[in-house]
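Please read the structure below before turning to the comments.
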Amino acid sequence: MVRHCVFVRFRSDVDATERAAIHADLEALRRVIDGMGKVEFSVNTSPEPFARGFTHGFTIDFRDAAARDAYLVHEAHSRAGARLVAALEGGTDGLIVFDLEMSA
């Protein structure tokens, strides 16, 4: 399994309604991308001072690297990703992506 971890810095003018719509767009991808599993969203709740301004994050579990790779090039992901990036401080500078290979 691959856990796709994304950490973001939303622009200050992006309200909770828009963030929820972005989350819904990403969650909806589960219906069109085979092997895409659980999607989780949260604000950063860590008490440690290492977030570097990244305030929100989400994870997506994929059955395997092939499913993750299909997600990366899917047109629906491109649309959802563009909406997310448009809401971030500095565009892609407001984004960190990290994929973890998880043991079963």
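For the reader, a short list of remarks on this structure follows.
- Considering only residues in region 73-92 that are in contact (Cβ under 8 Å) with a residue 12 or more places away in the chain and over 14 Å from ILE60 (Cβ atoms), the one that is surrounded by the most Cβ atoms within 10 Å (Cβ to Cβ) turns out to be ALA87.
- Pair list, Cβ under 8 Å, 6 or more apart: region 47-72 residue at positive phi, other residue among the acidic types (Asp, Glu) and modelled with pLDDT of 95 or more: GLY53/GLU89
- So ARG9, is it under 12 Å from the mean Cα position of the chain (by Cα), more than 16 Å from THR59 (Cβ to Cβ) and crowded, with 17+ Cβ neighbours inside 10 Å: yes
- Here VAL97, VAL73, VAL43, VAL85 are screened, and the one residue that is farther than 22 Å from VAL2 by Cβ, modelled with pLDDT of 95 or more and of a type outside the set (Gly, Ala, Ser) is VAL43.
- Residues that are over 16 Å from VAL85 (Cβ atoms) and surrounded by 12 or more Cβ atoms within 10 Å (Cβ to Cβ) were ranked within region 50-59; the one that is modelled with the lowest pLDDT is ALA51.
The values are calculated or read from the model by the stated rules, or taken from the named source; none is laboratory data. Just so we're clear, the structure is a prediction, and the values are computed from it rather than from any experiment. For neighbour counting, all protein chains shown are included, and Cβ atoms are generated from backbone atoms with ideal geometry for every residue, glycine included.
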